[in-house]
Amino acid sequence: MPYRDLEKRKAYSKAYRKVNKDIIKAQKKAYYEANKDRVKARVKAYRESNKEKIKAHQKLYRESNKEKIHIKNKSHYEANKEQYFARRNKRRALKIPALLPTTDDKLIQNLYKQRAEMTEKHGEEYHVDHIIPLSIGGAHHQDNMRVITAKENLEKRDKYIPELGGVWADNDLARETKKKLGIK
């Protein structure tokens, strides 16, 4: 039904979309599935030709929604603390390099979850400790990590305690420290 009045046309379209929301959603999904490459190419071309416009829009959004973004980020951080801690330590281990081929990220994330559960259960802060500290050549490996109280971890700092065991990294720092300590 063609309308000459723009406002009537807009109102008609809005009402039509509201009533046929599920049908339109299914049609869009079917089109996307049938034309994935074409849609991706069109989106990529649009982004390439409108980089500055998109950048300006994102900046404006961030500036006008600072508080909303801060609250969202803070709640995401609180809900995913263990993952943040695990990622931070993994980045640190990559810099040194202290990762071993047998490092299992899932097991390490489980240690961080265990830390959070123990903190909540006991009402005392717990940390995930590297038995052989990364700073002296320890590996970022599940067999070189344990959950201990924050107090114990802060007292231990970067000390090497042979009785605890642990796993050394395969890097120059580890070789140098082992040489100083007389470990083969």
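All of the numbers you see were taken from the coordinates with simple rules; none came from a lab. This structure is a prediction, so every number in the text was calculated from the model and none was measured. Backbone-built Cβ (ideal geometry, glycine too); neighbour counts: all protein chains shown.
Worth pointing out:
- When only the Cβ of Lys, Arg, Asp and Glu is charged (+1, +1, -1, -1), the dipole of the stretch 41-184 relative to its Cα centre reaches about 940 debye.
- The residue among ILE131, LEU181, PRO97 whose Cα reaches farthest toward the positive pole of the charge dipole of the chain, with charges on the beta-carbon of Lys, Arg, Asp and Glu, is PRO97.
- Here the extension length gained between ILE24 and GLU124 equals 30.7 nm, from 0.36 nm per residue of separation less the Cα-Cα distance.
- Set LYS90/LYS113; LYS44/LYS72; LYS81/LYS113; LYS74/LYS106; LYS18/LYS68 screened for pairs whose C-alpha atoms are more than 19 Å apart: LYS44/LYS72; LYS74/LYS106; LYS18/LYS68
- Integer Hz, Karplus 6.51/-1.76/1.60 couplings in order for the stretch 39-54, x for Gly and Pro: 5, 4, 5, 5, 5, 4, 5, 4, 5, 5, 7, 10, 3, 5, 4, 5
- Listed residue (TYR77, ASN50, SER64) projecting farthest to the positive dipole end of the stretch 15-80, Cβ model: ASN50
- Residues considered: LYS29, LYS113, LYS151. Largest GNM mean-square fluctuation over the chain, using C-alpha springs under 10 Å, is found at LYS29.
- Highest-first arrangement of 96-109, 129-142, 32-45, where packing means the average Cβ count within 10 Å: 129-142, 96-109, 32-45
- Using a simple spin-label model with pseudo-atoms 7 Å out from Cα toward Cβ, ASN171 and LYS14 lie 5.9 nm apart.
- Divide the volume of the convex hull around the Cα atoms of the stretch 1-148 by the residue count and you get 269 Å³ per residue.
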